[in-house]
Structure formats: structure tokens, C-alpha cells
Amino acid sequence: MHAKREKWANNFSEWFNEVIETAGILDVRYPVKGLYVWLPYGFKIRRLVTELIREILYRYDHEEVLFPILIPETEFAKEAQHIKGFEDQVYWVTHGGLDELNVKLVLRPTSETAFYPMFALWIRSHADMPLKIFQIGSVFRYETKHTRPLIRLREITTFKEAHTAHASYEDAERQVKEAIAIYKEFFDRLAIPYSICRRPDWDKFPGAEYTVAFDTIFPDGRTLQIATVHNLAQNFSKTFEITFENIKGEQEYAYQTCYGISDRVIASLIALHGDDRGLILVPEVSPIQVVIVPIWYKDKKEEITERCFEIKEKLEKIGIRAHVDDREKIRPGAKFYEWELKGIPVRIEIGPKDFEENTITVCRRDTLEKIRINADELEKIKDIFAEIYKNLKNRAHEEFNKRISFVDDIEEAKKCIKEKKVVRAFWCGEEECGKEIEDKVEASLLGILLEGSRSAEGMKCVNCKKEAKYEIQIARTY
Ligand code: PR8
């Protein structure tokens, strides 16, 4: 059993905008386009999500740093491809007070050109590598496409970017695989389904040799790029003179990778698991995992409240984040409504009968099922968390798979895209043909599927009908 998902399914954009406001995630009324205010509840979710990615990165031997937000034009403009890709997206700082600056400064749109002049100072020998560092903070992009909270921001406030340097191309390739493994674990723990594609050359990160992207599918059938991993090869190290002495004693340019995620992860968490009642949070990143609501009954009021706090304490002892909602003037029904909207995975009610019989009434947010358990068996709540996680994950994966159509004809591809599907088809690998596909179906070629793809052997290109080389994914994107 699940609560209704009518509005969620049929009017997703409205549902999304409404829920981030009413659940207390963001205030969207900030008077600069594309910039939003994190509210306390949203901020707590954000903190748990960033803690999760930190935990995984630390486990993979990454160290955290924090670089300045301003980058001098002289550094920013060094790498030709990079500047070409970003020049129409940067905010400039031109003045200090009334004085015009000698060297203009950019508000970082990403931090390659901030990190790599420092890499040139830090890296001397092969023994200094691999160097694996990351930061979490704001970057600014003057986006000209329609801005949307959490999805297309002009200040990306939860930009996690990792930058690495290696003594060989092979080691950089290994790092690309490691980054993919890191993001897989991260999205799996958030129960967010994804596909992994190698972007076509015309859509790679400016300055990269190639780009691997994670895309998820939103309820409106459009895909959202939620993470990217770039192999930079020696493109930036040549520009920024990042050299090292290799084992043979020769000077060589370092090999580099970078990879990033953003607020879009939180957008996905909200979008993929919610329903018409609001959010449903994966227990691991829910600021409150169990909310306890006393159902007061005449003379038993104080005892019931006391029991609620006892239960809260016991839950906290076993590592569960719990909260007692003992607000006086609000009726239980209104409390239920509010915590459901906020997506708290488990609600515990304690009424007179529970009080007498030493039980608690447990209600799951995902299925809305209610069961009564003995108040001494609180460990069972952890099993319920595991079930909620599994249920959310299965449901999100089912939705994801439902939206994919396998197609071998270009007209059919166009039709599927119109019907809000994501298309998988075979492709010859030629750029010209790929761009023709994009024009014909009026959608983007997301790239070559790297995982879970079908063999292209003996298959024909969906467009030119020549021998196919790869299975690709095509979709309308955010
Ligand atoms: C890099 N350099 O920058 P990337 N709003 C929200 N999220 C966004 C936006 C936006 N306007 N633009 C991009 N993202 C590399 C890797 C350091 C780290 C998200 O790569 O330009 C997307 O999910 O691909 C994107 O995959 C991620 O930031 C990284 O940005």
C-alpha cells in the first residue's frame, strides 16, 4: 500500500515547488534570480547528505580543503577550452569599493583554475601523488536557461568538487573508476536510481578528455544530470605547469581528474521518493527519524508525555534521531499531517491503550501501515528503517525502468520522447549522425551507456542504419 501519487505524477513541477516551500526546505523569495535561502529543516537534510558524501570520500582517502571563491582573470583565462565553455556563465568582480581592479576577478563557476596553480606549487615528485582533495561550497554560474530551485541554480550552494593528480594516465583512469564507485555508493544509499553514460564529445566538460555522467529520471520524464566525472588527462597540467619528477628522474606533466555533485542530489531525493502527502525521506538522511506523538487522554496526560520522553531517550541510546511533538495547542491529526509533509520515516503514537499495555503504535511514512509493537522492542524500528529504505529503492527503480523505451527506429524514438520516455537505441558513433539524431528527435544524446548496456554486435544505427557501435541513451533533459 502506498499513499496517492496523482499530483506528483501528473503535475510534477507544481508538486515540487510546493513541497520545497511547505516542507520548509527553501524560501524561494530571495530577491536575486536563481538564488534561494536554505531554511532550518532543509539545511539539516543538506547537512546529512554532505556528511554522507564526506564519509565516503574520507574512506577513499580524499582530504578536504577550502579554496577562495575569487579567481583572478589571469588564471581563469589560461586554459582555452575551459574559458570558452564558461565565459558566458561567469560573474565578474570588477571593483573594490570605488576603485577599478587591475586584474578582474571571477566568482568561481567551478574551481579548476583556483586549484591547479596551487597544484603546480605542491607537486614535485611522483611521491606526492596521487593527490586527492575535495571541497564543499558555493560556485556561481550565470545560467541563461530557466532557473529552478535545487535544479538549475545561479549560486550552487552544495557544490562538492574533487580534484586529483596522478603520476600516470593509467592511475588517472583508475581514479575515474574509483569516482564512479564513490558516486554509485552515494546514490545507492540515497535510493536514487541512475544510468551512467560517457557523454558525446560535443557535450563534455570544457577542458576534459572525456566526461562520464550519472543521470536520473524525474517523474515528468526528463533526465537530470546528478554527477559528473571528468578525465582531464594532461590538458590542465600543461596549462598550469603541473610537473613532477617521474621514477626515471624525468620531468613529466601530471594526469588529472575531477568530479562533482550539487544540490541536484537533494532535488532527486525529494523528487523520486515523495508522494501527494509530501516528502518521504530515506532514514539515513532524515533529520528526525522517529517522531513521537502523544495521544492525550483526560487524566493520563502527564504519564503519557513522560512515557513518550522515555521512549525518545531509549531510541537515542540505540542511535536513532527521535523527537517528541508535545505541542499543546495542536491536535494529533494536524501533527501527523505536518510530519508526513516533512517526510519523517516513522511516527510513533502513544495513546492510553499503549500506555496501559506497554506498547507503541508505529506508522510507516512510505506505506502508511500501522502496527503495534511492545515498547521494549525498540530495536525493531531499525528493521523498519531497513524495510522503508528497500521499499523506496525498489519503487524508485521500478519507476526508472518503466520510463525507458528500447527503440530501433528514429520515428519511434521521436514518438517515445514526445510520450515523456527516455530512449535507448544503437548508434554508429559518428558525431554528425549523433547530432542528426538530436535534431530529429528533439532531445539530447546523453551518451554511450557504460553499465547495463546491450551488445551492439550485429546491430544497426537507429538513424543511418550503418553498423552500430554502442548503445546510447536519448532524453529530454533539465
Ligand atoms: C564540474 N569541476 O564543474 P560539472 N545548478 C545545480 N547543479 C548544477 C548546475 C546548476 N546550475 N550546473 C551543474 N550542476 C567539474 C567537476 C569540478 C567538479 C551539477 O563539472 O560542470 C551537475 O549535477 O559537470 C553537474 O554534474 C555537477 O554539478 C558538476 O558540474
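The values are calculated or read from the model by the stated rules, or taken from the named source; none is laboratory data. As the structure is a computational prediction, the values presented were derived from the model and not from experiment. Here Cβ is always computed from backbone atoms with ideal geometry, including for glycine, and neighbour counts include all displayed protein chains. Side chains included, ligands, DNA and RNA excluded: accessible areas come from the protein's heavy atoms. Shrake-Rupley method; radii C 1.70, N 1.55, O 1.52, S 1.80 Å.
Computed extension gain for Glu64 through Ser125, at 0.36 nm per residue and net of the alpha carbon distance, reaches 19.8 nm. Once you reduce segment 363-438 and segment 220-277 to the center of their Cα atoms, the two points are 24 Å from each other.
Accessible area per residue for segment 404-475 is 53 Å², calculated with a 1.4 Å probe on protein heavy atoms, without ligands, DNA or RNA.
With both labels modelled 7 Å from their Cα along Cα-to-Cβ, the Arg47 to His146 distance reads 3.4 nm. In units of the rule-of-thumb radius 2.2 N^0.38 Å, segment 232-335 shows an alpha carbon radius of gyration of 2.09.
In straight-distance terms, cross-link reach from Lys465 covers every one of the aspartates and glutamates whose alpha-carbon lies under 15 Å from its own, apart from those fewer than eight places away in the same chain; here that gives Asp408, Asp409, Glu411, Glu412, Glu430, Glu431, Glu432, Glu436, Glu457. Listed peptides 50-56, 158-164 appear in the order 158-164, 50-56 once ranked by packing, highest mean of other Cβ atoms within 10 Å at the front. Ligands, DNA and RNA left out, the 1.4 Å accessible surface of the chain is 50% carbon and sulfur atoms.
For segment 404-475, a simple Cβ point-charge model (Lys and Arg +1, Asp and Glu -1, everything else neutral) yields a dipole of about 240 debye relative to the Cα centre.
Using a probe of 1.4 angstrom and keeping all protein chains present, the accessible surface of segment 215-334 works out to 40 square angstrom per residue. For segment 120-165, the solvent-accessible area with a 1.4 angstrom probe is 37 square angstrom per residue.
Taking 1.567 mPa s as the viscosity and 4 °C as the temperature, the Stokes-Einstein diffusion coefficient of segment 80-163 based on its alpha-carbon Kirkwood radius rounds to 86 µm²/s. In segment 6-273 the Cα-Cα distances spread across 5 Å bins starting at 0 as 1, 6, 12, 16, 18, 16, 13, 9, 5, 3, 1, 0, 0, 0 percent of all pairs.
Annotation for segment 1-62 versus segment 190-215: alpha-carbon center distance of 23 Å.
Peptides 124-131, 58-65 ranked from most to least packed by the mean count of surrounding Cβ atoms within 10 Å: 124-131, 58-65. Peptides 139-145, 420-426, 233-239, ordered by how many other C-beta atoms sit within 10 Å of their residues on average, highest first, read 420-426, 233-239, 139-145. Please give the helix 301-317 orientation as an angle from the longest Cα principal axis of the chain, in degrees from 0 to 90, rounded to the nearest 10. Between the helix axis and the principal axis of the chain, the angle is about 30 degrees. One quarter of the surface of the convex hull around the alpha-carbon atoms of segment 288-386 equals 5.7 nm², the direction-averaged projected area. Dividing the summed -39500 (n - 2.57) terms of all DSSP H runs of n ≥ 4 by the residue count of the chain sets its mean residue ellipticity at 222 nm at -11000 deg cm²/dmol. The tail of the calculated P(r) for segment 371-415 beyond 13 Å holds 70 percent of all Cα-Cα pairs.
Cα extents for the chain along the principal axes, largest to smallest and rounded to whole angstrom: 82, 56, 50.
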